[in-house]
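What follows draws every value from the coordinates through simple rules; no lab data is involved. Fair warning: this is a prediction, and the values are worked out from it, not measured in the lab. All Cβ positions, glycine included, derive from the backbone under ideal geometry; neighbour counts span all protein chains shown.
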Amino acid sequence: MQTTATTYSPRPDAPIGVFDSGVGGLTVLRALLERLPDEDFVYLGDTARLPYGTKSPSSIRQYSLQAARRLHERGVKCLVVACNTASAAALDVLTAEFAPVPVLGVLEPGAAAACRATRNDRIAVLATESTVRGGAYQAAIVRRLPQAVVSARACPLFVALAEEAWTDGPVVEGVMHRYLDDLFVAGAEATHPDTLLLGCTHFPVFASTLARVLGPGIAIVDSAATTAGSLAEVLEARGLCRAPGAGHGRVTLLATDGAERFARVGAVFLGRPLAPADVEIVDLAPAPAATAAST
């Protein structure tokens, strides 16, 4: 594969690129802004093709490359894959394509945080169908904690609910019970996980409702804060940190469809008001090949 960035040298004053299949990655962006307030960010939500979690691995890799290339065109100094599905399926091809630009995913930081949080070595992972099927979280956890018992559960309805900004109420709690009661209620208490890893960036918006449904004693972990810490370390190690006070945490928001919807739902994830005018719509599809004129 011919790389995109072989002649590109990242600069400290350049922005950081972040992408997800939709608005869920704004939970990661929110943590990045809190940890790195002087940095500028360009966020891309591929809202025209969400969710990635139901797509084939080849499609996920293709979409991820297209999103990352668009961010690379903006001159980013680092890429953050704020999508667990893309982190599991495409991180290797993205790393190869965009070297020497650092590429970080959310999966490894999330697995590390779950291993630190558990007390009984039983961890439940909620994720998309593709992430669960691929086994990346299970492997990452067991690699760090060989004795861990990992239960992975695909929760596709959570993505749909999050995209509608439905984060609590009887319908949401009913879905949670349907997905989780056999893990946290059925059987002997000693077999229940004590840690719940939110393996999709859409899922942190449900954290307070999950805590209420599951009760005390269950550690709920998402990878956003850990990813922010990892990014800070990478920037420091590569000499790519923006000078303190040099920036103002400027954020550019890109989406592939639906600026109004992106702003409405994205405000829930980012924790600040957004307007449709704040969102630039971009097209990630490659230009069609030229064809000869018909005669």
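Miscellaneous remarks
- Paramagnetic reach from residue 147 in the stretch 101-137 [backbone N under 19 Å; point 7 Å along Cα→Cβ]: 112-124
- Only the Cβ atoms of Lys and Arg (+1) and of Asp and Glu (-1) were treated as charged; on that basis the dipole of the stretch 56-103 about its Cα centre amounts to roughly 140 debye.
- Amide H contacts of residue 41 (H built 1.01 Å from N, in plane; Pro and chain starts excluded): 16, 250, 251, 252 sit under 5 Å, all sequence-distant by 5 or more or on other chains.
- If only the Cβ of Lys and Arg carry +1 and only the Cβ of Asp and Glu carry -1, the dipole of the chain around its Cα centre is close to 400 debye.
- Spin-label proximity, residue 212 to the stretch 139-173 - amide N less than 15 Å from point 7 Å beyond Cα toward beta carbon: 166-173
- Calculated [θ] (222 nm, deg cm²/dmol) that DSSP helices of n ≥ 4 give over the chain, each run adding -39,500 (n - 2.57): -13000 deg cm²/dmol
- Least to most buried among 163, 236, 34 (fewest other Cβ within 10 Å first): 236, 34, 163
- Stretchable slack from residue 58 to residue 9, in nm (0.36 nm times residue separation minus alpha-carbon distance): 14.8 nm
- The dipole here belongs to the stretch 54-203: it is taken about the Cα centre, uses +1 on the Cβ of Lys and Arg and -1 on the Cβ of Asp and Glu, and is about 580 debye.
- The alpha carbon convex hull volume per residue for the stretch 108-223 rounds to 90 Å³.
- With the charge dipole of the stretch 108-223 set up from +1 on Lys and Arg Cβ and -1 on Asp and Glu Cβ about the Cα centre, the Cα lying farthest toward the positive end among the listed residues 148, 130, 198 is that of 148.
- For volume of the Cα convex hull per residue in Å³, the value computed from the atomic coordinates appears in the list (i) 165; (ii) 143; (iii) 156 under label (iii).
- Principal-axis tilt of helix 170-184 within the chain, Cα atoms, nearest 10 degrees: 70
- Packing-based exposure ordering (other Cβ within 10 Å, fewest first) of 269, 41: 41, 269
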